[in-house]
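Working notes, structure below.
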Amino acid sequence: MDPLSPLVGFGQAFFLYQSRQFDGAIEQCRETLELEPDYPLALLTLAEALLQQGKLEEAVAVWKQLYLSVGDLESARVLDEAVVREGPVQALAALGRHLVAQREFRFVMPVDIAVLFAGAGEGDEAFHWLELGIGERDPNILLLRLDPVFDPLRPDPRFEELVRRLELPS
């Protein structure tokens, strides 16, 4: 494996993120992005690690960069407008609502929407989209037990019910 491969760098960052080593994940994402500035997986992991550290404005800016890098100018605009109008936390919820509406026209994975609502503190909406993630067999649902973005949902009995329904090994 090429140690300079962005995929290798992302893999290291993702492992650190899932291990709740957010400083290390952020550092690794930034190193990966030095090699390939618009690498989507590194941008996403960086945004989520920043979110976990409470660096909301920076996280939203990275999400915007992610959407710009994949040519989704409309989602980037939604984030910009919502930050100005409502602040960074509600910008995540606004992006979530935008992606919900986009599902009528294009494929958006339910767990991606759940991440945004969980990050915005909207647990009921996050649970709704996690339920859809199970029903639609979103592959990202397999990370439910590991992803730190869902930590605030863990005390809710619905979380353990979702995990039980996934029948994942302990």
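The values are calculated or read from the model by the stated rules, or taken from the named source; none is laboratory data. A quick note: this is a predicted structure, and the numbers were derived from the prediction, not measured. The area values use the complete protein model at the heavy-atom level, side chains included, leaving out ligands, DNA and RNA. Shrake-Rupley method; radii C 1.70, N 1.55, O 1.52, S 1.80 Å.
For this structure, a couple of remarks:
- Reduced Cα scattering model of the range 73-157, Debye log10 I(q)/I(0), q = 0.21 Å⁻¹: -0.96
- Whole-percent carbon and sulfur share, accessible surface of the chain, 1.4 Å: 57
- If you sort the three axes of the alpha carbon gyration tensor as a ≥ b ≥ c, you get a/c of 1.5 or more for the range 1-80 and a/b no higher than b/c, which makes it oblate.
- Whether the range 38-120 is rounded, prolate or oblate, judged on the alpha carbon gyration tensor where a/c under 1.5 counts as rounded: rounded
- Under the criterion of Cα pairs below 8 Å and six or more residues apart, the relative contact order for the chain equals 14 percent.
- Normalised convex hull volume, the chain, alpha-carbon set, Å³ per residue: 120
- Only helices enter this figure: runs of n ≥ 4 DSSP H residues, each worth -39500 (n - 2.57), summed and divided by the residues of the chain, yield -21500 deg cm²/dmol at 222 nm to the nearest 500.
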